[in-house]
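Comments concern the structure below.
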Amino acid sequence: MTFRSEAIARALLAKGFREVQGRHRKFILWHQGKPTSIRTELSHGSKEVGAPLLSMMKRQLRLETIDQLKALIECPMEGEDYIAFLKNKGVTL
């Protein structure tokens with residue numbers, strides 16, 4: 001399974017993440033006006049993100065399955081749903 005890096009970036013921004021430019025494109029989840037510990041990165045040069053990086057991204061985003069990451073990227077999981085999932089999992093935001 002692969003996803004275009006721009007599709008991932010658009011999905012993260014729509015879910016409440018903010019992008020920070022640097023050596024890599026860093027995405028930090030903001031909740032109630034404050035940054036959280038939930039963050040991930042995309043390389044500036046990559047057009048496609050494959051299975052090994054998707055697996056790493058899944059862990060960084062505190063998701064349990066690749067299907068949850070797919071739902072986050074393809075938008076069936078809304079930002080509020082993602083926040084609720086993290087809270088139910090016991091992640092401090």
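Observations on the structure shown:
- Taking all protein chains together and a 1.4 Å probe, the residues His44, His24 rank His44, His24 from largest to smallest accessible area.
- Accessible-area order (highest first, 1.4 angstrom probe) of the listed residues Thr36, Thr65, Thr2, Thr92: Thr92, Thr2, Thr65, Thr36
- Percent carbon-and-sulfur accessible area, the chain, ignoring ligands, DNA and RNA, probe 1.4 Å: 52
- Our summary gives the chain a relative contact order of 28 percent, counting only alpha carbon pairs under 8 angstrom and 6 or more residues apart.
- Met57, Met77, Met1, reordered so the largest accessible area comes first (probe 1.4 Å): Met1, Met77, Met57
- Rolling a 1.4 Å probe across the protein heavy atoms gives the range 1-70 an accessible surface of 60 Å² per residue.
- Mean-position separation - Cα centroids, the range 33-59 and the range 77-93, in angstrom: 17
The values are calculated or read from the model by the stated rules, or taken from the named source; none is laboratory data. Predicted model only: the values in this text are computed from it and were never measured. Please note that ligands, DNA and RNA were not included when accessible areas were found on the heavy atoms of the full protein model with its side chains. Shrake-Rupley method; radii C 1.70, N 1.55, O 1.52, S 1.80 Å.
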